[in-house]
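See structure below.
The values are calculated or read from the model by the stated rules, or taken from the named source; none is laboratory data. If you're wondering where the values come from, they're calculated on a predicted model, not measured in any experiment. Every residue, glycine among them, receives a Cβ derived from its backbone with ideal geometry; neighbour counts consider all protein chains shown.
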Amino acid sequence: MIDNNYDFTLIKAGLLVDGNGGNNLHKASVLIQNGVIKFVGNQESVVAPEGASVKVLDYGDKTILPGLIDCHVHLNGIGDGRVGNDLVTLPDEVLTLQSAKNARKHLYSGVTTVRDCGAKNNTTFMLRKAVEMGITISPRLILTGRPISIVGGHLGYFGEEATGEVECVKSVRKLIKQGADFIKITATGGSTITSLPFRPSFTKKEIQAITFEAHKMGKHVAAHCSSSEGIINSLDSGVDTIIHGYHVESDETFNYRPEITEKFIKNGAFLNPTLFQGRKTVEVLELKQNQGYLTRIESEMLETAKYRNEKISEIVSKMVSDGVQLACGSDASWTYYKTGDFQSEIFAHVSVGLSPMQAIVSATKDSARSCWIDDKLGTLSENKIADILVVDGDPTEDINNLRNVVDVISNGEVVDRENFI
């Protein structure tokens, strides 16, 4: 809620990281009016108009940067390791409440915008309505509602299965009518029991029909791709963001393919590699192993996860060095990765070759670009929405300082992180 008791809010801090990737600004100020940034500069030059009433937030030697943008969440998730097939057996009412809880946790940790990449039925649309009514608080929501899947395909249990170009176009139109901000498709199988994770699902013509219709309506498209053929089909069809994007052949072998990187660069597409989710699985299973109660099946899962994490890191590192643009998205709360820890995904970007500054940009400006909202969010720039994170320490020197959250500012107002109502 905007504080109408003041004409302006003036934020002061020892360091400003604007999200563009350039030099930091020392002894900086940001002037905000009605939730929008009016001026950014040093403390001597940024002042409110004479006679205006001003609320001053002086953070001393702290750092301010854009609010974090997680371009891949599943707010329905529990994060306790259960598979999606089990998750969807819960009633929609429960999943809507869980979504509200997850959204609040992410907001309190510094994430001011999330792109939800698939939820059951109308649960996230109902969450948005609750936020608009003031029932609960949330980061800014970018929603697809139900992801589009083939019959029996990955995430098809969320409620939007389509076969053929006509049904695919119908699904796009239906979702946009309901309020979808973008379209998410599953271009390959995944963890869904009835799907084939390393084979393409939709045909190239079906994906082309989806992207054409979405783009015609001014919406972007993100595609789940866990195999090379799925990536190629999606890039050739104009998909804007590739999720996961691992170079895996149909026989489940990892094989880096330079032509895929060339297609990314030619198209200007983003890669959302979701690196930490697999690492979190290893972390949880290793803890169980150390405590002496890992089952045989879990032991096999652990070894598989270790191997996959190593190969995925190698391939993503190669893609980064060859010029692929990353957008940062956690995939929480899927498997064991709960919301409220987006920072771990940002740290994972550093582990595959990004500098701390580049990783911050991937989680702010570039995530905003991937979500098609960079005209309003992603950097601390004039005429953009005042979503701001305040941390203790310089995260461009030590990325771990992103965990030292002092305040979260959404739409120009400090979020009350003690409020759990």
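Residues in region 375-401 that are assigned to a strand (DSSP E or B) and either closer than 9 Å to Ile37 by Cβ or of a type outside the set (A, V, I, L, M, F, W, C) (or both): Ile385, Ile388. Restricting region 257-297 to residues that are over 21 Å from the mean Cα position of the chain (by Cα) and among the hydroxyl-bearing types (Ser, Thr, Tyr) leaves a set whose member that is surrounded by the fewest Cβ atoms within 10 Å (Cβ to Cβ) is Tyr293.
Take Gly230 and tell me if it is in contact (Cβ under 8 Å) with a residue 40 or more places away in the chain, surrounded by 18 or more Cβ atoms within 10 Å (Cβ to Cβ) and not polar (S, T, N, Q). The answer is yes for Gly230. Residues of region 17-75 that are among the acidic types (Asp, Glu) and touching a Phe, Trp or Tyr at 6+ places or on another chain (Cβ under 8 Å): Asp70 alone. For region 151-164, the set of residues classified as of a type in the set (A, V, I, L, M, F, W, C) and either modelled with pLDDT under 95 or surrounded by fewer than 24 Cβ atoms within 10 Å (Cβ to Cβ) (or both) consists of Val151 only.
Report, by residue number, each residue of region 182-218 that is under 20 Å from the mean Cα position of the chain (by Cα), touching a residue at least 60 places away in the same chain (Cβ under 8 Å) and assigned to a loop (DSSP other than H, G, I, E, B). Residue satisfying the conditions is Ser191 alone. Summed over region 178-194, the residues that are of a type in the set (S, T, N, Q) and buried (at least 22 other Cβ atoms within 10 Å of the Cβ) give a count of 2. Going residue by residue through region 112-135, is there one that turns out to be among the polar types (S, T, N, Q), closer than 25 Å to Lys376 by Cβ, outside the structural domain of Ala180 (by TED's automatic domain parsing) and touching a residue at least 24 places away in the same chain (Cβ under 8 Å)? Scanning region 112-135, I find no residue that is among the polar types (S, T, N, Q), closer than 25 Å to Lys376 by Cβ, outside the structural domain of Ala180 (by TED's automatic domain parsing) and touching a residue at least 24 places away in the same chain (Cβ under 8 Å), so the answer is no. Listed here are the helices (runs of 4 or more DSSP H) enclosed by region 257-329 that have at least 1 residues being closer than 27 Å to Thr112 by Cβ: 276-290, 296-321. Among residues that are closer than 15 Å to Cys117 by Cα, modelled with pLDDT of 95 or more and touching a strand residue (DSSP E or B) at 6+ places or on another chain (Cβ under 6 Å), Ala222 is included.
Every test in (1) on the phi < 0 side of the Ramachandran plot; (2) surrounded by fewer than 19 Cβ atoms within 10 Å (Cβ to Cβ) is passed by Ile37 save one, and that test is (2). If the condition is being charged (D, E, K, R) and not in a helix (DSSP H, G or I), then region 219-244 contributes Lys219, Asp240. Only one entry in Ile360, Ile409, Ile373, Ile385 is in contact with a helix residue (DSSP H, G or I) (Cβ under 8 Å, 6 or more places away or on another chain), touching a residue at least 24 places away in the same chain (Cβ under 8 Å), within 22 Å of Val73 (Cα to Cα) and outside the structural domain of Asn76 (by TED's automatic domain parsing), namely Ile360.
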